[in-house]
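Presented below is the structure to which this report refers.
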Number of protein chains: 2
Amino acid sequence: MTSTTLKGQPLDRPILDSMLRRRMFYTPSFEIYGGVAGLFDYGPPGCALLANIVDLWRKHFILEEDMLEVDCTALTPAEVLKTSGHVDKFADWMCKDPKNGEILRADHFVEEVLGARLKGDKEARGLKVEEKEEDAKKKKKKSKTTEAVKLDDAVVQEYEEILAKIDNYNGEELGQLIKKYELKNPNTGVEPSPPVAFNLMFQTAIGPSSNAPSYLRPETAQGQFLNFAKLLEFNQHQMPFASASIGKSFRNEISPRAGLLRVREFLMAEIEHYVDPEGGKRHARFDEVKDIEVVLLNRHTQLAGQTTVEKVAIGKAVANGTVDNETLGYFLARIQLFLQKIGIDQSKLRFRQHMANEMAHYAADCWDAELLTSYGWVECVGCADRSAYDLTVHAKKTGAPLIVREKLEKPLAIEEWQIDLDKKKFGPYFKKDGKTVETAVEALPQDKREALAQALQADGKITIDVEGVGNGKVEISKDLIVIERRTRVEHTREFTPNVVEPSFGLGRILYALIEHNYWTRGTEGGDEARGVLSFPPPVAPTKVLLVPLSSNESFKPLLKHMSHKLRILGVSSRVDDSSASIGKRYSRNDELGTPLGITIDFQSVKDSTFTLRDRDSTKQVRADEDTILAAIKALTEGTKVWSDVEKELPAFESQDAEVPVR
Amino acid sequence: MTSTTLKGQPLDRPILDSMLRRRMFYTPSFEIYGGVAGLFDYGPPGCALLANIVDLWRKHFILEEDMLEVDCTALTPAEVLKTSGHVDKFADWMCKDPKNGEILRADHFVEEVLGARLKGDKEARGLKVEEKEEDAKKKKKKSKTTEAVKLDDAVVQEYEEILAKIDNYNGEELGQLIKKYELKNPNTGVEPSPPVAFNLMFQTAIGPSSNAPSYLRPETAQGQFLNFAKLLEFNQHQMPFASASIGKSFRNEISPRAGLLRVREFLMAEIEHYVDPEGGKRHARFDEVKDIEVVLLNRHTQLAGQTTVEKVAIGKAVANGTVDNETLGYFLARIQLFLQKIGIDQSKLRFRQHMANEMAHYAADCWDAELLTSYGWVECVGCADRSAYDLTVHAKKTGAPLIVREKLEKPLAIEEWQIDLDKKKFGPYFKKDGKTVETAVEALPQDKREALAQALQADGKITIDVEGVGNGKVEISKDLIVIERRTRVEHTREFTPNVVEPSFGLGRILYALIEHNYWTRGTEGGDEARGVLSFPPPVAPTKVLLVPLSSNESFKPLLKHMSHKLRILGVSSRVDDSSASIGKRYSRNDELGTPLGITIDFQSVKDSTFTLRDRDSTKQVRADEDTILAAIKALTEGTKVWSDVEKELPAFESQDAEVPVR
């Protein structure tokens, strides 16, 4: 599938990449030291874009639903992550090339080699293969390139099915694929070693005595779970509720390559929504979203080696069981609304269900919001039903009561078989085995007690299994024990909440957002080299560019005045008073995604009128200061769009503003 | 010095602490696992308070001065921090108790033992010693408590002088103090081992091959420096400019105890302002702040064992050299304005200059903004002149041009002694030594060239030192060399900018802000146990509390309606519809620092009027919806204060709202 720009042009990633670095959206960290794979710094526009995404996220989720935001530490003692299962299971499969020592991520390696074979097959069949500039570059470095070898039709189908469920293989299975298909490292022609697990957490030690091993958190979730009891109290014991956290997490990726999409340090936003597992995990606001249509790729389709999606109302998907429950469904819809709000192309969004082997060790069901980019479909938001897993394991390990106690509206009368022991006689009779026998008796399940009660009445004694006492069978006579059916009344109910967790990789979303909003003026018959980032105003890094016509001194007070006015309105602006032509300056800001521009010219000095320019259409209007400021406010708040403004205000035909750039 | 509340009451820290934990401002991280010293999580109100401080910081510094915000990674390769000096020098002095293995931070240990002796002396002299509850608790754990032993007057003075300059001692000197005064660990009665350096950085490894040692950054600064060349270009090569960063940093403190004030993971906000070192580091906006009065504790006073401060206009302090330059002075004033804006008590703020030994290895001059808390004076903002140190060492290590090239307005004519070699003859004459001799000639300094020119003219040859050639002396005759005074014209000037760095510990500021805004209703004859946090509205975690009179169903639509209205205004609110009395609910929100409260009662249902309550005075007014909302907007934006609102709107005397709480 070819990725496209906002206007449907084929997307040329190397050109976009170089634009993003030139405009300092992001840059490899420590570049003057040679850089470190998987680490990136955000420059000023990237930083502002990310901050705006975070701000909208906080409003859309936290404020809208009164979630309890917490900020927990990244440093985490090993014990916590041992309990959560991360020390044992949070790993990727890694192979080593025995010849050159190269380390390969096993699933990526299988994908790469099978993908190359399929491409070679296409070539051999005389089909057109898209050749990206980047691929061409890569080839130079590699010792072997794709060979045009035709494959059997059956083999092609086999490969395609493997690739469709590549995320479902464990290490052993990946090793079998490597053996079976004789997959060789293209750099050496050698088959790599069998996959071994590599834990993805960064390890360190807290304190001077280095006896406190710890990790950098791989997710923000654990800190939220550990605070569950306090949060529940803070929420005055009302259920359901959610906590949320925005913060950095760390994963020691084996061999990160895909730019911002696979990094070792990244900003996450995670919600832990605690819900009563009884009653089907319903959600009070599900009705508000039930008609929203989502694009789903379910697990059965994938296991069949297919990638066909279905578009369906979320209400229906929950009703027919494709999506497990209302709470999960509610958040899928809310995730979609959020992505829509920030400017993600809805035709490049799908929800993919995890397959059984792929699911994290804690998850009961999981859907990923995937966004289509030039790297293919990329997981940007995970929405997992973690069941009661985390709260249960931490409670068991620490003894902390990570549960909800609910007063029952109507006390519950439970009929059950109860056992009374005559403690006075029981102890002396069984002597040192007393406690063991007592524990075994109390552990007798309800379904056995009825039969035992009948036996006791019939025989005057019962025989039960007690491991470690005598021959493992113990006889208890009726003078020591009574078994009766009675009614017990319960006034409170205790339960461990289940957790539904929408988890956002904000850096990935930011990158997809950039690709979805990128295009070049070439589509409109203009200069192909003039890139534009058409971010919606609320997320745009800067809202307004202020451009004086020239470096004439008389413009300076007006620049200062307009900056000040915009700051009061809460609208971010930047001045570009460099000596470049107005056209060049606007073009630079199109690349930065600045939606609006104000030109200050000699007319402005005379009568305080200004021109306002729209980034996307490059059209301009002219009006007095207050009118221009009001239009800017309406446009940045989203209460108006440019076509409204164009209708209301007189157009301005510039002689200078949009001259060719190069 | 006793610390006090906002209303001047003695501050009872254990009571405040328990309130802050009960209201979940912060909580020890991993508490159900026993906790880890120096790690804290922020709960919902702490999180919101911190976010508001960050937001105001960003507006006050970044937006106000168009700083370039960057977001760099915390993971940092060892090589970078080796170059910056942190691997070798970023350490504290640590002693070990040979008896029980306890690890002590040397300076804190000396402070503690000498402090205890001074206290014992006061007791022996019959002076009143403040005994804090917390101290009493600590004592129980310790084997030895303060002994009432009178000291010589001279000894008392010696101890006090040592404590005044405790930050100025290095490890050896601290060791000497321990020996000289026979300082024993109070827990064992044993003298600890001599201090050794303990590096404060957390170490880890990046990538699967573990051959990439790295650290978690101890400050955000290095990432900013490494991006200097890109930032300069982004700023279109205009100087001066500043970059800024808000992010987590990590320090492996030896034995952290003082709550939020000494933590191992913390949020910093740092500015790196790049300034031309020539011309006295002037600042274009210094005039705007020059009359602002600051409280200074200079280094000479401290070295004399004193802590006397002076209050002086920053303009004067720069003029008389107390503060080194305008840029440093400008930022001290701006720091003060920021702290004032968020609600720091200005009478509990001073700027303390670092003493020579205390200064970080990179600093040329440094002032700390210290805030008075119940832990004493605490460094919350550092403002260092890092000179050209960082850019120079990174440029030298990597070869990257971390410099500014400035086109000279007027080309510079430089008269100098120039040397021309006759290359054609020179090479064949010196043969294999040619290159060495040439390098030595070119390295000749200006002050030697004049004499050599004269010698050449007089003797027809010169003799220069060239190490490694012959006997180290080389003769060059006038047919090989010409030395002449000529004029060279320079069109550009190259320089390494100096850096002035205001660096904010946001967690410490948050804690000091809490102490400065805390008081109890006891001061007004009310309940001593009713704590209040009188945060200014812009930083308050939540602005408005919505309280329905009871759980009556008819209030629910109004609650929802008002929540919605406030959300549109951008004012954060929370509903408390618990069954507690109105008074109790308000009291809970006084502890959370919520400045305003809206009560919804039966009258509201009838006529859409609401009461608005002021947290600080507990006074209430009543008006219709729009009037109440307008008042809230004005109060939270700071355009009005409560006394304005009280004058404009009719007072409301509640029968229920302020009944006793317990």
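The values are calculated or read from the model by the stated rules, or taken from the named source; none is laboratory data. Values in this document were obtained by computation on a predicted structure and should not be read as measured data. Note that we place each Cβ from the backbone using ideal geometry, even for glycine, and neighbour counts take in every protein chain shown. Surface areas here come from the heavy atoms of the whole protein model, side chains and all, with no ligands, DNA or RNA. Shrake-Rupley method; radii C 1.70, N 1.55, O 1.52, S 1.80 Å.
Observations on the model:
- Rg over Rh for region B:542-648 works out to 0.92, both radii taken from alpha-carbon positions and Rh defined as the Kirkwood radius.
- Within the accessible area of the protein assembly as shown (1.4 Å probe), percent carbon and sulfur: 50 percent
- Antiparallel bridges, percent of DSSP beta bridges restricted to the protein assembly as shown (to nearest 5): 90 percent
- Residue A:406-residue B:22 pseudo-label distance in nm [points 7 Å out on the Cα-to-Cβ vector]: 2.9 nm
- Computed about its Cα centre, the charge dipole of region B:234-338 is approximately 420 debye, with only Lys, Arg, Asp and Glu carrying charge at their Cβ.
- Under 5 Å, built H, 5+ apart or other chain: amide partners of residue A:215: A:76, A:78, A:204
- Loop-located chymotrypsin sites (Phe, Trp or Tyr not before Pro) in region A:356-394 (DSSP state not H, G, I, E or B) with no more than 10 neighbouring Cβ atoms inside 10 Å do not occur.
- Listed values for region B:222-235 are Karplus-derived 3J(HN,Hα) couplings in whole Hz (6.51 cos²θ - 1.76 cosθ + 1.60, θ = phi - 60°), namely 4, x, 5, 4, 5, 8, 3, 4, 5, 5, 4, 5, 4, 7, and x replaces Gly and Pro.
- Across the identical copies, the 7 Å label point of residue B:65, projected outward along Cα→Cβ, sits 4.1 nm from its counterparts, in ascending order.
- Charge context of residue A:638, other residues only, Cβ under 13 angstrom, K/R +1, D/E -1: +3
- Förster-model FRET efficiency, 60 Å R0, residue A:288 and residue B:293, C-beta, rounded to 0.05: 0.60
- Probe 1.4 Å, accessible area per residue of chain B, Å²: 45 Å²
- Anisotropy class of region A:407-491 from Cα gyration tensor, a/c 1.5 cut: prolate
- Per-pair calculated FRET efficiency, R0 = 30 Å: residue B:59 and residue B:15 via Cβ, rounded to 0.05: 0.30
- With 22 Å as the limit on Cα-Cα distance, the pairs of B:7/B:316; A:435/A:473; A:59/A:543; A:584/A:619; B:341/B:633 that go past it are B:7/B:316.
- Charge dipole of chain B about the Cα centre (unit charges at C-beta), most positive-ward option of B:363, B:636, B:146: B:146
- Rel. contact order, % - alpha carbon contacts under 8 angstrom, at least six apart, region B:542-648: 26 percent
- For residue B:552, the shell of other residues with beta-carbons less than 11 Å away shows a net charge of -2, using +1 for Lys and Arg and -1 for Asp and Glu.
- Residue closest to axis [chain B; rotation mapping onto A; Cβ; Å]: B:204, 2
- For residue B:366, distant residues with modelled amide H under 5 Å away: B:354, B:385
- Ellipticity estimate at 222 nm from DSSP helix runs (n ≥ 4, -39,500 (n - 2.57)) divided over the protein assembly as shown, nearest 500: -10000 deg cm²/dmol
- Each Lys or Arg adds one and each Asp or Glu takes one away; over the other residues whose Cβ falls under 10 Å from the Cβ of residue B:82, this sums to -1.
- Each Lys and Arg contributes +1 and each Asp and Glu -1, all at the Cβ; summed about the Cα centre of region A:483-616, the dipole is approximately 480 debye.
- Ascending list, in nanometres, of distances separating the residue B:21 label from those of the other copies (7 Å, Cα toward Cβ): 5.1
- Of all DSSP beta bridges in chain A, antiparallel share, percent nearest 5: 90 percent
- Shape analysis of chain A places it in the prolate category; the axes a ≥ b ≥ c from the Cα gyration tensor give an a/c of at least 1.5, with a/b above b/c.
- A straight line joining the Cα centroids of region B:371-449 and region B:632-647 runs 58 Å.
- Three-way shape call for the protein assembly as shown based on the alpha-carbon gyration tensor, with the a/c threshold at 1.5: rounded
- Fully extended contour minus Cα-Cα distance, from residue A:340 to residue A:639, at 0.36 nm per residue: 106.0 nm
- Between the listed residues B:496, B:477, B:220, the Cα displaced farthest toward the positive end of the dipole of chain B, a dipole computed from Cβ unit charges relative to the Cα centre, is found at B:220.
- Looking at region B:527-662, the DSSP beta bridges with both ends there are about 55 percent antiparallel.
- In this calculation the C-beta distance from residue B:556 to residue B:190 is compared with R0 = 60 Å, giving a FRET efficiency of 0.35.
- For the pair A and B, total buried accessible area rounded to nearest 100 Å², probe 1.4 Å: 6300 Å²
- Label-point separation, residue B:488 to residue A:490 (7 Å along Cα→Cβ), nm: 9.0 nm
- Normalised by the number of residues in chain A, the average gap of Cα pairs under 8 Å and 6 or more apart makes the relative contact order 13 percent.
- Of interest is the spacing of the C-alpha centroids, which for region B:480-511 and region B:582-596 amounts to 54 Å.
- Separation in nanometres of the label points that stand 7 Å from Cα toward Cβ, at residue B:397 and residue B:630: 6.1 nm
- For residue B:495, the label point sits 7 Å beyond Cα toward Cβ; its separations from the matching points on the remaining copies run 7.1 nm, from shortest to longest.
- Taken about its Cα centre, chain A carries a charge dipole of roughly 1280 debye when the Cβ of each Lys and Arg holds +1 and the Cβ of each Asp and Glu holds -1.
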